[in-house]
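The values are calculated or read from the model by the stated rules, or taken from the named source; none is laboratory data. Note that the structure is a prediction, hence the values are computed from the model and not measured. Accessible surface areas use protein heavy atoms only, side chains included; no ligands, DNA or RNA. Shrake-Rupley method; radii C 1.70, N 1.55, O 1.52, S 1.80 Å.
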Amino acid sequence: MTLASFTNHGSSTVAILHGPNVKTAVFTVLAGTYERGDVLEWDAENERYIPLATAANADAVIMEDMTIAADQTVPVIVEVDDLNEDLINIGELDLITVKRAFRAVGIYCRSYTPA
C-alpha cells in the first residue's frame, strides 16, 4: 500500500475529551440528564455519583451524553493522564479547585486550546 492510496477525509468535528490513557469504572449515578464532560462528585451517604456541587469534591467525569431514568450503573472516567479542561462542565465552580481535586484521584487536566 502506498501513501497515494489513502484518502483525506478532512478534520474531525468531534472535540477530543481525553487522551488515550483513560481508565473507566462502572458506578451508580443519580438519575438525570448528563452531557459528555459533566463532572461528578461521590455521594457517600447514598453510594452513588451525583452532579458536582462543590469544586473540591470533583471525582469523575461522564463519558457521553445520556439520560438516566432511575439511578443506575454506568461507566465513568475515574483516571486519565490527559483530560481536556475546555470540555469539562463545572458551571460557575472554580477550575483550579476542580483540577486540584482531580489530581488527587489521578485525573490530570490541561487546556487543548492553542496558546
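Here the contact order of the chain, divided by its residue count and restricted to Cα pairs under 8 Å and six or more residues apart, works out to 29 percent. DSSP beta bridges confined to the chain are antiparallel in about 80 percent of cases. Under 10 Å, Cα contacts only: if you run a Gaussian network model on the chain, which one of Ala58, Ala44, Ala101 comes out with the highest mean-square fluctuation? Answer for the Gaussian network model of the chain: Ala44. With a 1.4 Å probe and all protein chains left in place, how much of the accessible area of the chain comes from carbon and sulfur atoms, in whole percent? Answer for the chain: carbon and sulfur cover 52 percent of the accessible area. Here the chain has an Rg and Dmax of 16.2, 59 Å, counting Cα atoms alone. Against the chain, whose longest principal axis comes from its Cα atoms, helix 95-104 is set at around 90 degrees. Ranked by solvent-accessible area (1.4 Å probe, protein heavy atoms only, all chains present), the residues Val98, Val105 order from largest to smallest as Val105, Val98. Computed per residue of the chain from DSSP H runs no shorter than four, each worth -39500 (n - 2.57), the mean residue ellipticity at 222 nm is -2500 deg cm²/dmol.
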